[in-house]
Every structure is written in structure tokens, then in C-alpha cells.
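Q: Mind having a look at this structure? Questions to follow.
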Amino acid sequence: MGTQLDPMKDDLPLMANTSYMLVKHYVLDLDVDFKSKVIEGSIVLFFETGSQYRKTSSAGKESCQSQFDETCKMRASEPCHIPMISMSTCSSKTEYNDFAVSGEEEEATSDENSNHSNNEQASGISSSKDCCDIENHGNKDFLLVLDCCDLSVLKVEEVDVAAVSGIEKFTRSAKLTGVSKELENLRNQIVHELVTLPADHWKEQLSYFTHCSQAPGCGELLFSTGTWSLEIRKSGIQTPADFPHAIRIWYKTKPEGRSVTWTTDQSGRPCVYTMGSPINNRALFPCQEPPIALSTWQASVRTAAGFVVLMSGENSAKPVQLREDIFSWYYYVSMPMPASTFTIAVGCWQEVRQKSFKQTAAIETNIECSLPSSQTDFRWHEEICGHVEYPCRFQNPDARLQAVIPYRVFAPWCLMESCEEYLLQLIPQCLSAAYATLGTHPFSRLDVLIVPSNFSSLGMA
């Protein structure tokens, strides 16, 4: 498949095999370097076995079990050909909203983005269609395929979530015998218990995701990059159920990557932000793009002093100083959403503040109180949501009556006065009008950023 797409004719290819492995949560740990125009770091993906594999495997589970057992016995006696790498934590741990987040760095290994078919041939990895054929799993390794483009992938490794302190609560029912396969199953069982925690345990879940993402690696995985995909396999693993359900990918973006724009703001200061077009976030991090792929995420982003990091998170992040000239920003979401909705903007933005806070409060209060009582009563009788379980604001009585959600406005220095004079007056009115027309705001807050005029797409606005 060619690298160039005709936006008038072509759709983005959906390469990820989500029917076999489905990402439930991303943990990003990134550094933004304006000198090299590169975003570098790691991403940890937590998976659940896909629905199609579960349906297929349940039918043939008994007939395949003996084959699995024999394969595992043979594998246990084979020498390991994958080097074990000890990861070193380079940046200090810092508390963010009661969750410890640390950055890790690893010496990069070179990797060239090559042609999909040639790369398969060179590495011995066959096509994803063949490797995902469950009926042939006894003969071929399972291949995990992620949507990816314009990225330099440096290393992929399995994450030893069983090494996390306090994770025992997820392993009480498991029995370890010292066999390597038992330990692999234990790690996958931990991830399963973690991603299936009830929605009202989301804070606990987020904390465990954080600690698991910081766990050491327990073996590198084989990978191959194509034009539109990242393909990962573990030698000797034939099924999605046995494939590691927590993996860490070390990578770099490319300055010419089509998911972010490196430019200057209206004041002439450097900035970078997601474009949302033409390839969504595939050149920002490896992900899954098919419609079924809804996930939560959390991200720690470090950048030089003087820069502000804005993201589509649920919390209003505040910078934490790591070193004299480096600050870190932490965001998260608890609502499962497509990876394409992940947004980031880094620049020398200034927060626009109202001169008279009393005046602002009066405006918002009047708007909230101006809703007709019939509309207010209607909010309490909305139908029960039919989406996947998550901490939904539609089920929160306070949120259902909130006409104006908390908001912030950011702009380059030269536009501060204009934004204060005109924009701040409009936002609460717009939020109230949206509430009166559409009902409860699905998100808990809003950040408005004035981007440069070369913003190429409204798809990620």
C-alpha cells in the first residue's frame, strides 16, 4: 500500500486486528523537544482478548488444549532467544492527584521504517490475516497489529505487572507453580482483573494503571514496522489469550509526521499541536483505530520551562517542576473514547483571565438560573444510558443540572486583550445554550485554545 492517500477517494486503512486483541487503556510518558521537533518516550498498552477470538476459541478449546500443553512443555525446555533488558528509571517520581507518575528513558536502538511486504519477508513474519487464523495457531505465532505511521519504533517489551507492589489483590485466586507459562497467565489475569474493575472504582483503577506502567520489562518482543502498521509477536505464542496483555513501546515521532504540526504561534513563539488530519493520531502513538476500539488513557508530558501543555483530559493539569528547566504535566480520561480524539497542544500559551471575577461569576450564575423549570425537571427523567460502563456524568444529579461547566481560555500573548474583551463573555453563553439544546455536558470541563491560522482541520477542534 502506498504512503500517499487521495483524501477525495481513499479512506485510512484499518490495520489493527481488534477482534483478537483490544486496547482498553493507554499510558503515555513523553518528552517534547522543540529543538529536534520530536516527541519521544514510551506508551504502555493494556489489552483485553477480543470478542471474535473468545467466540472462536470457546468452540475449539477442548480439542486444542492438549496441543497447547504439549507446545508449552516444548517451549519450557527451549533456550530463550529474546534478551532480557533491565530498565532504569531516570527521572524522579512525582505525585499527581495521588497517582505516582515517573518517566523512564532507555538507550535507543535503530529501526528503519520499511516497506510492509519486504519487512515481513525479512523478519519472517507472515501477514496478519494468516497469523490471526485461529485454526492454524498451532503452526504460527500470533501477530498483534496496531495502526501506526510516521513513527520510529525503538523497542517493544512485555511489562511485568506481577512485580507491582500491592497487586496481590488481583492474584489471590491464581496458583503459581514456578512454570513460565503460569507466570505469563498470571500477568494476563492481573490485566484482565484491572481492566474489568467496576466504574465506581475508576480512581483505584487509574492508580494501578500508573504503577503497572512503571513496572520493569520482562523480555523484548519481536516487531516489524510497515507503512501503516506496527506488527508485534512473541516467539512461541500462538493465541491472543497467551499473548502479553501489557506491553511497552519505546518510540519517537518524526518532524515530518502527519499527526502533529510544528509551527509558531501569532506571537512568533514555537508550538506544536495535533492536527487530526489526515491520518488522525497514528504518527503520534501506536494505537487501534477501528470503531470498536474505545479506550481510556493517561499521559505525562515533559517540556521545557515556559511552555504550557494542554490535552483533552478530564482534569485541569498543573505543572510540576522536575528540574530547574523541565516541567511535567499529567492528564487522564475515564470515558472510553477513540484514539483519534486524543489531543495535545504545547506552546507558550497564556491563560486568559477575567479582570473582574465577581462579574464572571454573576454572568454564569444568571445563565444557570435562567433555564426554565420545565427544562430543569426534564434533566432528571432522561433515559438510562446504554453505553459501556464508565463514570458517566449523565448519572450524576449535580452534573445534570450544570449548565456551565468549568472552562479555561488560552492564547498567545499578543491576543490576550482581545480574548479577554470578547471571547470570555461568549463562552458561558455558548455552554448554556448547548446545555439547553442538547442536555447534560458529557465532559466535566472545557479548555479553549486560540491556535495559529494555519490550523488545517476542524476535525480535532
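The values are calculated or read from the model by the stated rules, or taken from the named source; none is laboratory data. What you see is a predicted model, and the numbers here were worked out from it, not measured in a lab. Virtual Cβ from ideal backbone geometry, glycine too; neighbours counted across all protein chains shown. For accessibility, only protein heavy atoms count, side chains too; no ligands or nucleic acids. Shrake-Rupley method; radii C 1.70, N 1.55, O 1.52, S 1.80 Å.
Q: Considering only the other residues whose Cβ falls under 11 Å of the Cβ of residue 198, what net charge follows from Lys and Arg at +1 and Asp and Glu at -1?
A: -3
Q: Within segment 407-447, report the GluC sites (Glu not before Pro) that DSSP leaves as loop and that have at most 12 other Cβ atoms within 10 Å.
A: Answer in residue order: no site qualifies.
Q: Could you pull out every residue, at least 5 positions away or on a different chain, whose amide H is within less than 5 Å of the one on residue 407? Hs are placed 1.01 Å off N in the peptide plane, and Pro or chain starts have none.
A: Placed amide hydrogens put 446 under 5 Å from residue 407.
Q: Would you mind getting the accessible area per residue of segment 393-449, heavy atoms of the protein chains only, 1.4 Å probe, in Å²?
A: Ligands and nucleic acids excluded, the result is 50 Å² per residue.
Q: Just by accessible area at a 1.4 angstrom probe, what is the order of 222, 143 from largest to smallest?
A: 222, 143
Q: Another question about this same structure. Checking the table 35/252; 169/203; 318/355; 155/203 against a 25 Å threshold on Cα-Cα, which pairs fail?
A: Check vs 25 Å cut-off fails for 155/203.
Q: Rg/Rh for segment 393-449: what does it come to with C-alpha atoms and Rh from Kirkwood?
A: Dividing the radius of gyration by the Kirkwood radius yields 1.06.
Q: At a probe size of 1.4 Å, how large is the accessible area of residue 245, to the nearest 10 Å²?
A: 10 Å²
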